[in-house]
Each structure stands twice: as structure tokens, then as C-alpha cells.
1. Of everything in segment 168-185 that's in contact (Cβ under 8 Å) with a residue 12 or more places away in the chain and among the polar types (S, T, N, Q), which residue is farthest from MET210 (Cα to Cα)?
2. So which residues in segment 55-83 are surrounded by 15 or more Cβ atoms within 10 Å (Cβ to Cβ) and over 24 Å from LYS265 (Cα atoms), if there are any at all?
3. Taking the options ALA302, ALA258, name whichever one is outside any helix (DSSP H, G or I), of a type in the set (A, V, I, L, M, F, W, C), closer than 22 Å to MET94 by Cβ and within 20 Å of the chain's Cα centre (by Cα).
4. Take the residues of segment 312-331 that are basic (Lys, Arg) and modelled with pLDDT of 55 or more: which is surrounded by the fewest Cβ atoms within 10 Å (Cβ to Cβ)?
5. Can you tell me which of ALA197, ALA230 is small (Gly, Ala, Ser), surrounded by fewer than 24 Cβ atoms within 10 Å (Cβ to Cβ) and touching a Lys or Arg at 6+ places or on another chain (Cβ under 7 Å)?
6. Have a look at ALA180, ALA208 and point out the one that is out of contact with any strand residue (DSSP E or B) (no Cβ under 7 Å at 6 or more places or on another chain) and at positive phi.
7. Here is a check on your reading of the model: is LEU47 closer than 17 Å to GLU136 by Cβ, surrounded by fewer than 18 Cβ atoms within 10 Å (Cβ to Cβ) and at pLDDT 85 or above?
8. Which of (1) touching a residue at least 40 places away in the same chain (Cβ under 8 Å); (2) within 24 Å of ALA318 (Cα to Cα) does TYR200 not meet, given it meets every other one?
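The values are calculated or read from the model by the stated rules, or taken from the named source; none is laboratory data. Quick caveat: nothing in here was measured; it's all calculated off a predicted structure. Virtual Cβ from ideal backbone geometry, glycine too; neighbours counted across all protein chains shown.
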Amino acid sequence: MRPRIALLLLLLSAQLCFPQHDGHHLSGYVREETTNVPIQSVALELLSSGMRAAPAIVSGMDGEFRFAGLRDGDYYIVATKKGYETATVMASIMGGTAPTILVYLHRQDTSQPSSPDSQVSARQLSIPEKAREAFEKGWKLLYEKSAPEKSVSQFQRAIGEFPLYYEAYAQIGVANYRLAKLSEAEKALRKSIQISAGKYPDALFLLAQMLNDQQRFSEAEPLARQATTASDASWHSQFELARALVGLKRSAEAETWAQQAKELKPDNPQVYLVLANAHIQQQKFADVVQDFDEYLKLAPNAPGSDQIRQRRDRMREALQHASPAPDAPKQ
């Protein structure tokens, strides 16, 4: 008799990401694309979720740069210098560490029209200085000082100066979520989506994440799907869509989106739990064991890892016993 494999669908409890200040850093060099020559005096900005995450800096004589006082998470480094095309590089800090970043600048061809990045810069320039200052104060209160209740008033001030500041509405949603004011958080995120005409992916996937956390999967699914359209390079969007589809028991489609999230962010341990859920629903038990292996490589000491390790071991043993035994030798 073949042993029965006992399965337990994992309940994903991923929360909105609220990283804490822990003093990590990102460092690297700026180089000329074709010659690899160092470029000094390059203006560098660090963005996270569409906003500045650290004071702007300039590269040194050897093209070196360093952003300090950062948290774990994903960042975008925007490099600008007269005579060169603007370059944007994604960088991540995981577990307090990050690889050395190389930023390559391409000399500008004045005969060509300006790049699409100029539209983003034009919008940033259209935001009044007082609005930006209030926004940055709110950002520091929310993420660096862990004071969400105080950050809301600063984001509201920013909106008062610039009513179309959809990034500020999104951060009010984050702050209210941290304060367990779920209805107010949802309202602010929906306002951000409305003002941005559904083209600000952060608000879309943040709301999808909040709805997934509440197991409102049918509401989260179209928002996450819209976020993937707004930015196909956002692993957050792919991830939340996969979570919603698992919740809706559309496992084959969930697997596809989770695989895309993994390709964009292979060092995110939670994506392997989503894959495990999708594979459990499809009864791909060997794949589930592999998903658990990958998760435990990335998060061996995370809360719940021991439980996942035990489930993996039991499942692996059950699979081994379920394999057909070789024919017994003839007497």
C-alpha cells in the first residue's frame, strides 16, 4: 500500500514592506560605457518606491560613490551628468549586504531626441519645493523614525501644496496600514491609483498586497495584474499577482507569474513559498520539495523555517516511499 502524502497549504502572511533603519550601504563606481574610464562629478540620486531614499551625492575622482544609512530593500540609482544619457540602475540590499554597483553612462547623441526619462524629470520638477520638503519629512518619520502617526500630517501638507502628489497618497496608505487603520489605508491607496490614472505601480501592488493579506484575492488579482502592465520590471507586481492567483486556486497561472517574479528577484525567499503553494495545488510534490529547499537556502533562520524544514523532510520521505519498488529477484 502506498503511503498517503499529507499536505498543508501554507498561509502566506507577507505584510507591506516597512523596512527599518539599520545603517547598511550601497557603493560602487561610475564608468564610461565604451571606454570603461571612471567618470567623476556625476550626480547620483537614490530612490525607493519612487521617492528619494538618501541625500543626493556626486561621484569621486575614481568614479566612486557610497550611499549610507540604508535599510534592506530594492533601490534605484539615477545617475546624471551633462553630455551623457541618464542611467538608472536597480540595486538590492538583502541581509545587510549588497554587491558593488557599476553604473555605465553613455555619451549623449545630440542629434537624437531626448530620452523618455526626461518626462519623469519634468514631472519631478513640476512638484513645488515645499511639497517635496514635506514629503521627505514624512518619509523620514515613517521609515527612519518609525513614527507613522506623525508622518501622515507631513504627507498631507505635501498634498496641500501639490494636490496631484499621488506618491504622498500612497505613503499615507502605508502609514495607516502600519497603524492598523485598514479602511483609511485602502482609501489613500485607491486615491493614489485614481490620481495617477492607474499608472503608478507602487500604489497598485501595495493595495494588492494589503488585499492579499486580508485574503481578498478576487479584489487583489486585477490590481496586481494592472501593476504588471504599468511596470513589467516590478517583481512586487508579479509576486502579488501570483499570491492572488494561488488564493483563487488558479495554480497553473499562479506558477507562471511566480516564476517571472523569481526571475526578477531570485533572492526573495517568499516567492518560493508562493511556488510551493501553486505546486501543492497541482500535486507536483517533487517541485514542492525543491521550492522548500530554495526557501531554506535563503532564509534558514526565519520565523517558521523549522516548520517548513520539517514539512519538507516528511514530504521527501513520503515521496521516496511512494516510488515503485524494484522487482524482487527471482528465486
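1. Once the filter is applied, the top-ranked residue is GLN171.
2. ILE57, SER59, GLY60, GLY63, PHE65, THR80, LYS81
3. None of the others qualify; the one that does is ALA302.
4. It comes out as ARG314.
5. Going through ALA197, ALA230 in turn, the sole match is ALA230.
6. ALA180
7. When the stated conditions are applied, LEU47 passes them.
8. (2)
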